[in-house]
Every structure is written in C-alpha cells, then in structure tokens.
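Comments concern the structure below.
The values are calculated or read from the model by the stated rules, or taken from the named source; none is laboratory data. Please read all numbers here as calculations on a predicted model, not as lab measurements. So basically every Cβ, Gly included, is an ideal-geometry build from the backbone, and we count neighbours across all protein chains shown. Ligands, DNA and RNA are stripped out before the accessible areas are found, and what is left, the full protein with its side chains, is counted by its heavy atoms. Shrake-Rupley method; radii C 1.70, N 1.55, O 1.52, S 1.80 Å.
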Amino acid sequence: MCRHLAYLGPPRTLHDLLYAAPHSLHVQSWAPRRQRYGTVNADGFGAGWYPRGTGRPQRERIEGERPPEPLRYRRAMPIWGDASFADAARAITSGCVVAAVRDATVGFGSEESGAQPFRADRLLFSHNGAAEDDEALAAALGTPFPPGALDARAPVDSAPLFAHTVRLWRSSGDLAASLAAVVRHAREHSAGRYNLLAGDGELIVGTAAGDTLYALRREESRGEGEGAWLASEPFDDGRDWRRIPEDSVVVATRERTDIHPIG
C-alpha cells in the first residue's frame, strides 16, 4: 500500500536519497515496479532525518553523545506535486533518513496526520501494509497511548503498530526485537501485511512480513565509507540489492547488515 526507504551512512542530501536514482522513491510514487498492492502512491509523503552528528562515524563522536531527535516534513499530497520540497531537499543533508510515499488504506483518509514516518523521541517509523481488522488491532495494541507520541493517535491502521513499537522500544532499547515483537503481536489479533521500517539515528531496522523488502550496502564513490539502505523496492538496477526473506527482520548498522527470523 506504500513504498518506503531508510538510509544509514555518510551524509547525503535528501535529494540524492529520494529523487536522484532512476527508480527513486519519487518515481515509485507514480510508477512502482515491485508493488503488489495498489498502483500509485499519491495520498501523501514524508521524510524524517537526523540533523548534525548522525553522519559522523561512532568513533568520532563525543563520548556519551546520542543522536539528536529527528526533524520531519510531511504533506497530504503526492511527492511529485511539492516542487518546493524537491528544492529544499538539495540543501538538507543527513546520515540517517526514513521516508515514505503513501497509498492510503481503503477506509482511511489522506490527511497529513496519516503520512509517515511517525516520530517519537529519537525514533522514526513507517508501515507498508494494511490490517484486515483494524479495530481489533487498535483495541489490542493502540492503548495506552505512549506519552509524547502524538502520531500514535493518528486515524490510520499504522498508528497502533507505532504505539506498540514505541512502548516496547522505550522499555527495552532494542529496536529490532521491538519491531519483530510488534509483527508477532499484530498477527495474533489481525491478519495483515506488516512491513515495518524504523531508525533511531544509529541503526535502521525493517521487517519483511507480507510485502517486499530489499537491503543494499554500497561503498561511497567519494571514499567516505559504506552506506546501507532498506527499501520496499530497489531504486536502481544494481546487482548488489538483496531480497529480504519473508518473515524476517533486518538490521543495518554502519558496519554490517544482519537478517534474523521474526520468530
């Protein structure tokens, strides 16, 4: 129902990450190549990024320094209709980004509050999929609302998944385990497609649970180290993309990418 992408690595502009590639997220908004549910992603878009510091290698950070809380831009319109953001994206640089273009689930509107990524503390979160019984999912996972996580109240079926992610992540600090647990718990209450994508400025994590997910590691052409991507579908035809197996959680740090069963 959507296309989303996360990046971690040397600082890159949002324009490079979202617009520049032949089959970028921008292109996927009207011409996705691997989308099995829906045909166009015109019901909103969003991008979240971490300012200052998150592009520096861990060894160069001040001891005890944590990534800052992310900034975010969302609109209730197709990404191709916002020329001002395309211009601004050339000047925004970050080493960790989560972005999505939206095809709204039937029965839910296309207002800005439903555009992802959602945000709480240092967390950025996106859901590609749909719950068959959104009322059961909301009753089981949606409440109590995590303090300060306003997006958990959004009128979309992604909101209870986000709420449960925030609670588990705040409790454990383990983002990969939290996303895997959210998928397991969601399936206990509703069939659905639960491809989740999240970042905290230090790593990016995704689940393959009902839809496509791909991973990529690629050396920077400027010799600045490796970049890691997780995406609903490849943004180019490179042979180094890796399809993530169904029922898996993938974790990408600046050093490596690991895949584990959701369990």
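Values computed for the structure shown
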{"quantity": "Restricting segment 109-122 to residues that are at pLDDT below 90 and out of contact with any strand residue (DSSP E or B) (no Cβ under 9 Å at 6 or more places or on another chain), the residue that is nearest to G201 (Cα to Cα)", "calculated": "E111"}
{"quantity": "Selected residue [over 14 Å from the mean Cα position of the chain (by Cα), small (G, A, S) and open to solvent by less than 30 Å² (accessible area, probe 1.4 Å)] from A186, A191", "calculated": "A186"}
{"quantity": "Residue identified as among the small types (G, A, S), part of a helix (DSSP H, G or I) and in contact with a Pro (Cβ under 7 Å, 6 or more places away or on another chain) among A176, A152", "calculated": "A152"}
{"quantity": "Residue list for segment 208-231, filter: open to solvent by less than 10 Å² (accessible area, probe 1.4 Å) and touching an Asp or Glu at 6+ places or on another chain (Cβ under 7 Å)", "calculated": "A208, A209, T212, L216, G227"}
{"quantity": "Segment 142-163, residues that are touching a residue at least 24 places away in the same chain (Cβ under 8 Å), among the small types (G, A, S) and within 20 Å of N195 (Cα to Cα)", "calculated": "A152, A154, S158, A159"}
{"quantity": "Members of segment 1-34 that are modelled with pLDDT of 95 or more and among the charged types (D, E, K, R)", "calculated": "R3, R12, D16"}
{"quantity": "Matching residues, segment 108-118, being over 12 Å from R3 (Cα atoms) and not in a helix (DSSP H, G or I)", "calculated": "F108, G109, S110, E111, F118"}
{"quantity": "Residue match in segment 123-141 (condition: under 19 Å from the mean Cα position of the chain (by Cα), within 24 Å of D200 (Cβ to Cβ) and open to solvent by 20 Å² or more (accessible area, probe 1.4 Å))", "calculated": "no"}
{"quantity": "Segment 35-60, subset part of a loop (DSSP other than H, G, I, E, B) and surrounded by fewer than 14 Cβ atoms within 10 Å (Cβ to Cβ), residue modelled with the highest pLDDT", "calculated": "R36"}
{"quantity": "Single unsatisfied condition, H164 versus (1) touching a strand residue (DSSP E or B) at 6+ places or on another chain (Cβ under 8 Å); (2) under 24 Å from I204 (Cβ atoms); (3) not basic (K, R)", "calculated": "(1)"}
{"quantity": "Which listed residue is on the phi > 0 side of the Ramachandran plot and touching a residue at least 60 places away in the same chain (Cβ under 8 Å), from G263, G206, G199", "calculated": "G263"}
{"quantity": "Selection within segment 84-107 - at pLDDT 95 or above and in a loop (DSSP other than H, G, I, E, B)", "calculated": "A89, R90, A91, I92"}
{"quantity": "Filter pass, P32 being assigned to a strand (DSSP E or B), touching a strand residue (DSSP E or B) at 6+ places or on another chain (Cβ under 6 Å) and either closer than 19 Å to I244 by Cβ or open to solvent by 30 Å² or more (accessible area, probe 1.4 Å) (or both)", "calculated": "no"}
